[in-house]
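The values are calculated or read from the model by the stated rules, or taken from the named source; none is laboratory data. Everything quoted here is computed from the prediction, not taken from an experiment. Here the Cβ positions follow ideal geometry from the backbone for every residue, glycine too, while neighbour counts run over all protein chains shown.
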Amino acid sequence: MTTTSTTARQPIASRAIAALSAITFALHVVVNRFSPFGFQRDEFLYMAMGEHLRLWRMDFPPFIAIISQVERFLLGDSIVAIRFLPAVTAGLLVMMAAFVARELGGGKFAQLLAAVAVATSPLFLRAPDLFQPVIFDQLWWTLALYALIRLGTGAPRDDTLATAPRWWIVLGVVCGVGLLTKFSLLFFGAALVAALIIAPQRRVLLTPWPYAAAVLAFAIGSPSFVGQLALGYPVADQMKTLQGSQLAHVSLFSFVLGQLVWGPGVLLALCGALFLVMTKGMRPYRAVGWTCIGAFMLLLVLHGKSYYIGPIFPTLFGAGAVLFERWSARRSAVLRVGTIAALVAYAAYLVPIELPIFSKETTAAYVERAGLGVTTKTNQGSSLRLPQDYADMLGWPALANAVAHVYDSLPPAKRAQVVIVGENYGEAGALEFYGPKLGLPRVVSAAGSYWFFGPGEKPGTVVISLGVTQQDMEKFFGTVTPAGRVLNDWGVPEEQDVSIYIGENPKMTLQELWPKLAGRN
């Protein structure tokens, strides 16, 4: 049976979109090359996960760990190398927003507007400059929604979805990789199921293809779930800790209000959502609109952070751009120029806090002058002089060097026995990353994911600890000697005054102690 597209596909603005995508990629490469800031705390953890990669026994979805190993093997350990794929992904997101607009019937202006909205949105400005799952999660959601759009475009009637296997397979593969990246893809899946039930496309549930896509997704994403099963569902403890600390400061009101921080593009996205679920011409794409709205409502009810819903925005930008193009077609060209100018101007206003290109002093001064103090709130609600991501990029080499100085001061016999302990995953990760070049031995930590890496083989006869209090050290060692302090006024509170101790005469071996530290954060 021959199918016809329900929406006329317009010519693609290939040169403009390709140029903007390339500029976006190049911008982030240049920023990372010349940034005065270093690696961020979480990046050390993900690189450490790569070093300790056990595909079927990870407490965290393993995609980011796999990618870290690939990048380090092929490109090296520089910031540009580690953040190379996030920069590539940023360019792809710009391109995908344009493709969404085109698929929904948008002409060259709609495609350009959607691409500009992504390139200039705060949601997608900082993410490529951090080696974290966030930017990849944004891409997988966008690709999954695009596959759903293509299923609507190829539908034989306006009240169903295409049953051709190709795009269902794409949807399954993308969702599977998404499950390897972040468990948040489950929110997408739940919203999609609800959308297929309430949208005109519900009859597709009587075909085997949605179920085939689901099986494929869970098969590809199975290492994430097998790891949880093997390790006793550590994600439950992680979520409990997150709920008790960071998410405790997120209310329904703050989640909604937090969307306004993303600037004028939010209005474009809102119009895009309404366009998809209310306009007769968008009937084949109802499931897309309801999936985006359903995911938003889920995260709203569950008190997610405002950026958690970011992955729906490229698609909604594309839909909103189509609506705006049609509405503005017979109006003054100033409207179109002004809209793009507003998006660019808002991005320019936020550049110092979204792209780490200025010194810490300049950035802090700009935050104060521009009235952007709200952006320096930490996850626990305290205030810093810098955005938390920036504060978490400072001081790590100094910590590693200080520990190396203590280690080098020990006699050779003691150095041979030393185990280094980091109090939190940032400290442990920094020591593991910088330590080999400084001649340091293995690093262990009972914090979060590090506990699953184990205590190593040495019994801990001599331990150099970083960030552990003297009181805690004395619980496990007969002799505790202060060995140094590292001050960092620009860091997050727990890194502003970090102590180094040498512990000797242990009360039990690290191997005996380790089970007692299970679940410690």
Within segment 48-62, take every residue that is crowded, with 23+ Cβ neighbours inside 10 Å and among the aliphatic types (A, V, I, L, M) and give me the one that is farthest from MET393 (Cα to Cα). MET58
Counting residues that are in contact (Cβ under 8 Å) with a residue 60 or more places away in the chain, surrounded by fewer than 24 Cβ atoms within 10 Å (Cβ to Cβ) and among the small types (Gly, Ala, Ser), which strands (runs of 3 or more DSSP E) fully inside segment 417-493 reach at least 1? 477-487
PHE136 being modelled with pLDDT of 95 or more and surrounded by 24 or more Cβ atoms within 10 Å (Cβ to Cβ): no
Give me the pairs: first residue in segment 283-301 and under 13 Å from LEU104 (Cα atoms), second residue modelled with pLDDT under 95 and of a type in the set (D, E, K, R), beta-carbon distance under 6 Å, and six or more apart or on different chains, which are they? ARG283/ASP158; PRO284/ASP158
So is GLN69 in the same structural domain as ILE23 (by TED's automatic domain parsing), touching a Ser or Thr at 6+ places or on another chain (Cβ under 9 Å) and either free of Cβ contacts under 8 Å to residues at least 40 places away in the same chain or buried (at least 24 other Cβ atoms within 10 Å of the Cβ) (or both) or not? no
For ALA398: the one exception among (1) over 28 Å from the mean Cα position of the chain (by Cα); (2) touching a residue at least 24 places away in the same chain (Cβ under 8 Å); (3) surrounded by fewer than 24 Cβ atoms within 10 Å (Cβ to Cβ): (1)
What is the number of the single condition among (1) touching a helix residue (DSSP H, G or I) at 6+ places or on another chain (Cβ under 6 Å); (2) basic (Lys, Arg); (3) at pLDDT 95 or above that LYS414 does not meet? (1)
Going through GLY318, GLY304, GLY338, GLY272 one at a time, which residue ends up being outside any helix (DSSP H, G or I), small (Gly, Ala, Ser) and within 30 Å of THR375 (Cα to Cα)? GLY304
Filter segment 494-515 for residues that are in contact with a helix residue (DSSP H, G or I) (Cβ under 8 Å, 6 or more places away or on another chain) and in a helix (DSSP H, G or I) and give the result. GLU495, LEU513, TRP514
Can you give me the number of residues within segment 294-330 that are of a type in the set (Val, Ile, Thr) and out of contact with any helix residue (DSSP H, G or I) (no Cβ under 6 Å at 6 or more places or on another chain)? 1
Hey, can you tell me all the residues within segment 271-308 that are over 23 Å from the mean Cα position of the chain (by Cα), surrounded by fewer than 19 Cβ atoms within 10 Å (Cβ to Cβ) and of a type in the set (Val, Ile, Thr)? THR279
Report yes if PHE136 is aromatic (Phe, Trp, Tyr) and not in a loop (DSSP other than H, G, I, E, B), otherwise no. yes
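Of all residues in segment 401-429, which are among the polar types (S, T, N, Q) and either over 24 Å from the mean Cα position of the chain (by Cα) or more than 23 Å from MET47 (Cβ to Cβ) (or both)?
ASN401, SER409, GLN417
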Please list, ordered by first then second residue, the pairs with beta carbon atoms under 6 Å, 6 or more apart or interchain, first in segment 83-107 and free of Cβ contacts under 8 Å to residues at least 60 places away in the same chain, second surrounded by 24 or more Cβ atoms within 10 Å (Cβ to Cβ) and β-branched (Val, Ile, Thr). PRO86/ILE135; THR89/ILE135
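Per-residue answers, yes or no, for (1) small (Gly, Ala, Ser); (2) in a loop (DSSP other than H, G, I, E, B); (3) modelled with pLDDT of 95 or more:
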residue: LEU113; (1), (2), (3): no, no, yes
residue: LEU145; (1), (2), (3): no, no, yes
residue: LEU151; (1), (2), (3): no, no, no
residue: ALA155; (1), (2), (3): yes, yes, no
residue: LEU161; (1), (2), (3): no, yes, no
residue: ARG166; (1), (2), (3): no, no, no
residue: VAL170; (1), (2), (3): no, no, yes
residue: VAL173; (1), (2), (3): no, no, yes
residue: LEU180; (1), (2), (3): no, no, yes
